[in-house]
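Peer 1: Quick one: the structure is below, and I'll ask about it shortly.
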Amino acid sequence: MKRLFYIDYPQESYEGQMHRYRCAFCKEETTKINGNLEGHLPTCEYRIRMEKEGHDCAGKSIEPASHDTDDYD
Ligand SMILES: [Zn+2]
């Protein structure tokens, strides 16, 4: 399961910069995240939660899953 955009994460504005926003969890700027799950840090609560729910990071292979897992990374 994968969404086109991941934009339902909690955001907060930069102090004194009303037009700039960042993820409330990992503090990555929204323009850097750009709606991609992979834009969040691997330690981000939102990203971890989404991955637990079965969402894949964009950029991963979208081909049928191979169970040939002898090649890590
Ligand atoms: Zn985040």
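Peer 1: Can you list the residues, at least 5 places off or on another chain, whose amide H is less than 5 Å from the amide H of Gln11, using H built in the peptide plane?
Peer 2: HN-HN under 5 Å from Gln11: Ala24.
Peer 1: If you rank Met18, Met50 by fewest surrounding Cβ atoms within 10 Å, what's the result?
Peer 2: Values: Met18 8, Met50 21.
Fewest to most other Cβ atoms nearby, the residues stand as Met18, Met50.
Peer 1: Classify segment 11-52: rounded, prolate or oblate, from the alpha-carbon gyration tensor (a ≥ b ≥ c, eigenvalue square roots; a/c under 1.5 rounded; otherwise prolate if a/b is larger than b/c)?
Peer 2: Working: a/c = 3.04, a/b = 2.02, b/c = 1.51.
It is prolate, given that a/c is not under 1.5 and a/b is the larger ratio.
Peer 1: Around Pro42, with a cut-off of 12 angstrom between Cβ atoms, what is the net charge of the other residues, counting Lys and Arg +1 and Asp and Glu -1?
Peer 2: Values: positive: Arg47; negative: Glu28, Glu38, Glu45, Glu51.
Once positives and negatives cancel, what remains is -3.
Peer 1: When Lys and Arg each count +1 and Asp and Glu each count -1, what net charge do the other residues less than 11 Å away from Glu28, Cβ to Cβ, add up to?
Peer 2: +2
Peer 1: Okay, next question. Return the loop-located chymotrypsin sites (Phe, Trp or Tyr not before Pro) in segment 1-41 (DSSP other than H, G, I, E, B) with at most 13 other Cβ atoms within 10 Å of their own Cβ; answer none if there are none. Before the final figure, lay out the partial values.
Peer 2: Working: sites: Phe5, Tyr6, Tyr14, Tyr21, Phe25; in loops: Phe5, Tyr6, Phe25.
Listed in order of number, the matching sites are Phe5.
Peer 1: Going by C-beta contacts inside 10 Å, put Thr30, Thr43 in order with the fewest on the left. Please list the in-between numbers first.
Peer 2: Details: Thr30 17, Thr43 9.
The order, fewest Cβ neighbours first, is Thr43, Thr30.
Every read-out reported here was derived from the displayed coordinates using simple, explicitly stated rules and does not represent laboratory data. Here the structure is a predicted model, which means the values were calculated and not measured. So basically every Cβ, Gly included, is an ideal-geometry build from the backbone, and we count neighbours across all protein chains shown.
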